[in-house]
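The values are calculated or read from the model by the stated rules, or taken from the named source; none is laboratory data. This is a predicted model, so every value here is computed, not measured. Heads up, the Cβs are rebuilt from the backbone with ideal geometry, glycines too, and the neighbour counts pull from every protein chain shown. When the accessible area is computed, the model is the full protein with side chains, heavy atoms only, and any ligands, DNA or RNA have been set aside. Shrake-Rupley method; radii C 1.70, N 1.55, O 1.52, S 1.80 Å.
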Amino acid sequence: MENDLLEAIVQLPGGLAENTEIPLSLLILRSDKPARLRGKAHVVDLRPYMTTQARGARRRVNPEGLTTLWSALQTGRPGPSNRLVDVGAFGRRMVRVSRPGRDDIAWPAEVAEADSDRDVRRRYGSIPVEWIAEGDSTISFDVAPHFPEPRDASRRDIPSTTRLSALLAAPPALQSMTDGAVADGEDSLYVPTGAGAAATTPPTVSGRVLHFRVAPESIHPEYLAGWLNSDDGRSSLASALDRAGSGSIIRAVRSDPRSLWRLADELVVPVRPLPAQRDFANALLALRRVENLVQEARADLWTGEQQADLVAGPFDSLLDQSLERWTASLPYPFATALWTLTSRNGVDARHRQIFHTWESYAAFMATVLLSALRQDGDLADVEAPVLRRALVGAGLSLERPTFGTWNAVIQRLASRFRSMLEGEAEERIRVCNLFGGPRAGVLAAVLNPNCVQLLAEVNSRRNLWLGHSGATSEAALQTQIDYLTNALEELRALVGEAWTRMPLVRAGRASRRRGELTQEVEVVMGTNVPFRPGSIRVGEIMEEGELYIATDGCTRPLPLSHLIVLRSSPSSERHACYFFNRAEGDSVRLVSYQMTISGEIYEPRAEYDADLAWLLTP
């Protein structure tokens, strides 16, 4: 460092070294650094580029990671996985941070040595703190401080952030429920270390619980509990546990005061003005009351004291046109099929369309999973043959896919990706990177096993009902429509607005702005056309005109396979979405599940060979 020999620090994926999970970093030294690198060094994060050929196999850096490293060293251009920083940025120092006038509420933190005061202010945001130096300066090769959190393009209000440590009015504590009831303290927050939600009252289940007493002048306890129970909050807590934990195999936080303060100091919390926090808290309490009313209504339904329609009546206003409203949060291929369903009037027409609607979601979901699988060549080499054998064994084929085919693909691949998502930090990073960079909680909602089970149940009903050889009465058709509509409501409750956090986009022109690669996109969500324009930062250029799943700041956008395509109408700005239906000789048949001039089209198979060959060839 003193002789300016450091050219790069490369964070490698965990598990590369044999017989150990200790994370490794690669230091590249160079005695003849060019002028542009004097006093600077590259930081490169290759953790998203980890791959294995089979479960339990040795890990390695995939070819895209090696390309990223080569590009960073050769061009010096920053990207989602590489930065060029001053060598002084690696200097770190320990400081003792405290709340003003409260020396009894103090904790250790590691900050930049070069400008410690600025780093402290950045770390704790609008919350006032004091600090003093504590101990000698060190050199840290951790790359995490040099990579800010990516922006969430779906969020319109992005509050400032702080650390939980700056919001506490007492030292954090770890208490055991098996030793007796935990005292119910004022302005307290209880976070179970196992299963369970954060709450402002002590839990009643056994196990250990983290007890935080917060400063009410800075944070509303109900607001904080609600945020920790959100997808972003759970993700922040998981990251804090990983960074504050110890152990190379199982990461765990020790129960000593210094370790608990470290956990609180690693937990990032969004801070809004107190009036806004109270609004959030009141909204959460209102939702909780609604949940209680639903539970009471469900109990009343079976007591027989009221007629069924009277029990459900008070909730009609909440459910009115909910499926139509939901279309705005969905990818265009499914949203248009669902919108077409809501616009159908006759029983026969609605009956046909509701099956098309379910098949459109199954086909879209399967296409996303297959596209993600193709992103990782090693994983595809293992999973694709297994998937093909499973389809053949069930009498199904990707050359002539049915609802059952898509369902089988979803069951196999969703389970595989879910196991990766539930694994250690490197596996979570890897799988999120395959899907265009969503947060782990968002991807978990899309891969929810209850959604997979719901699709399987709908497919089973479909086979039963459509396989009926006799005539079906209008009343029976309406019963089937009611069942499938209720299933759509259940799907809506499970998925919510998750797809808005990993949106479908169509790529436009790309450019470099301030050293970052930025690309114009059309957001292919909802039912409105022309599509909403926007721009996102990406690590790789997307092919213009193609469909991708991509979040702002993603390392690698997910190119959507041509199993789903958009085709524009020559007479209007309306786009029709077509789904791959079957391969027939030199052509492929594609069908649409929305209202359009042509319900099916044929296109040359040669244009689809690149997308289909790896799926169809044994």
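In the chain, what percent of the accessible surface is made up of carbon and sulfur (1.4 Å probe, ligands and nucleic acids excluded)? Intermediate values should be presented prior to the final figure.
Working: 15090 of 30000 Å².
Here it works out to 50 percent.
Considering only the stretch 7-111, what is the antiparallel percent among its DSSP beta bridges, to the nearest 5? Numbers along the way, then the final one.
Details: 19 of 23 bridges.
Around 85 percent antiparallel, to the nearest 5.
Could you please state, rounded to a whole Å, how far the C-alpha centre of the stretch 385-439 is from the C-alpha centre of the stretch 193-244?
Using only Cα atoms to place each centre, the spacing works out to 32 Å.
Show me the ranking of peptides 405-414, 358-367 by mean Cβ neighbours inside 10 Å, starting with the highest. If you can, show how the numbers build up before the last one.
On the way: 405-414: 22.4, 358-367: 25.4.
Sorting 405-414, 358-367 by mean packing, highest first, produces 358-367, 405-414.
Using the Cα centre of the chain as the reference point, and only Cβ charges (+1 on K/R, -1 on D/E), how large is the resulting charge dipole? Debye, rounded to the nearest 20. Before the final figure, lay out the partial values.
Values: 69 positive and 77 negative charges, 206 e Å.
Here the size comes out at about 980 debye.
Could you rank the peptides 217-225, 516-524 by their average count of other C-beta atoms within 10 Å per residue, with the highest value first?
Values: 217-225: 21.6, 516-524: 19.8.
Peptide ranking by packing, descending: 217-225, 516-524.
Could you tell me which label, among (1) 156; (2) 197; (3) 186, carries the value of volume of the Cα convex hull per residue in Å³ calculated for this structure?
For volume of the Cα convex hull per residue in Å³, the calculated option is (2).
What does the extension gain come out to for residue 390 and residue 144, with contour length at 0.36 nm per residue minus their alpha carbon separation? If you can, show how the numbers build up before the last one.
Working: separation 246, 0.36 × 246 = 88.56 nm, distance 4.12 nm.
Fully extending the segment from residue 390 to residue 144 adds 84.4 nm.
May I have the extent of the alpha carbons of the stretch 327-377 along their three principal axes, as whole Å values ordered from largest to smallest?
47, 21, 8
Relative contact order for the chain using alpha-carbon pairs under 8 Å, separation at least 6, rounded to a whole percent?
Numbers: 1065 pairs, mean separation 71.1, N = 618.
Once divided by the residue count of the chain, the mean separation gives 12 percent.
Only bridges with both residues in the chain count here: give the DSSP antiparallel percent, nearest 5. Mind dumping the intermediate values first?
Details: 78 of 83 bridges.
That works out to approximately 95 percent antiparallel.
Rounded to the nearest 0.05, what FRET efficiency do residue 299 and residue 254 give with R0 = 41 Å and r taken as the Cβ-Cβ distance? Could you check?
Numbers: r = 44 Å, r/R0 = 1.08.
After rounding, the FRET efficiency stands at 0.40.
Using the Cα atoms of the stretch 464-564, I'd like the radius of gyration and the largest Cα-Cα distance, Dmax, both in angstrom.
Both quantities, over Cα of the stretch 464-564: 20.0, 67 Å.
Using just the helices of the chain, give the 222 nm mean residue ellipticity in deg cm²/dmol: DSSP H runs with n ≥ 4 each add -39,500 (n - 2.57), and the total is spread over all residues, rounded to 500.
On the way: 18 runs with 240 residues, N = 618.
Helix-only estimate at 222 nm: -12500 deg cm²/dmol.
For the stretch 410-469, with every protein chain kept in place, what is the accessible area per residue (1.4 Å probe, Å²)?
Details: 2390 Å² over 60 residues.
Accessible area per residue, the stretch 410-469: 40 Å².
Tell me whether the stretch 388-489 comes out rounded, prolate or oblate; compute the Cα gyration tensor, take square roots of the eigenvalues as a ≥ b ≥ c, and use a/c under 1.5 as the rounded threshold. Walk me through the numbers on the way to the answer.
Working: a/c = 3.73, a/b = 1.83, b/c = 2.04.
Oblate, since a/c reaches 1.5 and b/c is not below a/b.
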